[in-house]
1. Gap in Å between the Cα centre of region 1-49 and the Cα centre of region 65-101?
2. I need the calculated FRET efficiency for the pair residue 12 and residue 73, taking r as the beta carbon distance and R₀ as 35 Å, to the nearest 0.05.
3. May I ask for the net charge around residue 41, where only other residues with Cβ less than 12 Å from the Cβ of residue 41 are counted and Lys, Arg are +1 while Asp, Glu are -1?
4. Each residue of region 47-60 in turn: what ³J(HN,Hα) in whole Hz from Karplus with 6.51, -1.76, 1.60 and θ = phi - 60°, glycine and Pro shown as x?
5. To the nearest 0.05, what FRET efficiency results for residue 3 and residue 28 with a Förster distance of 35 Å applied to their C-beta separation?
6. Stretch residue 51-residue 94 to full length: gain in nm at 0.36 nm per residue minus the Cα-Cα span?
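Please treat every number below as a calculation from the coordinates, not as lab data. Small disclaimer: the values here were computed from a predicted structure and weren't measured. Note that each Cβ is placed from the backbone with ideal geometry, even for glycine, and that neighbours are counted across all protein chains shown.
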Amino acid sequence: MDYYTKEEVDRLVERVRLQTIEDILKSLPFVVRNMVTSASRRYELANKFYEENKDLANDKSLSAAVIEEMDAKYPGMPFEELLEKAAPEIRRRLTLRQDVNYHRTGRPSLEQLDNSLNGMV
């Protein structure tokens, strides 16, 4: 059985560390290229989505929120398919939002409160 000195082990660990760093640095251009390609493709698909769904183009913040929510719900689903699934849900939520009255109704008056319980719940 061979025994190694601390210095030999340290040199071996350092060589492995340097080789690992070199391998990671060599792979970075491929990783970055894939990320840029993916982001570019998603951008193109999003533009196509809004071209085909012009009624949703005015509410991109709601659309983005629904798409992100569905992306979390269906991880790994192709982005194009995700957009197809999201469109009906975005329209449904837009309909719900249109039914909400956003106008202020004023402050409640203390005179209108029912004091018959005298503070008892």
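1. 35
2. Calculated value: 0.15.
3. Working: positive: 42, 48; negative: 44, 80.
Once positives and negatives cancel, what remains is 0.
4. Residue by residue, region 47-60 yields 4, 4, 4, 6, 5, 7, 10, 4, 5, 9, 5, 7, 10, 5 Hz.
5. Working: r = 38 Å, r/R0 = 1.10.
After rounding, the FRET efficiency stands at 0.35.
6. 13.7 nm
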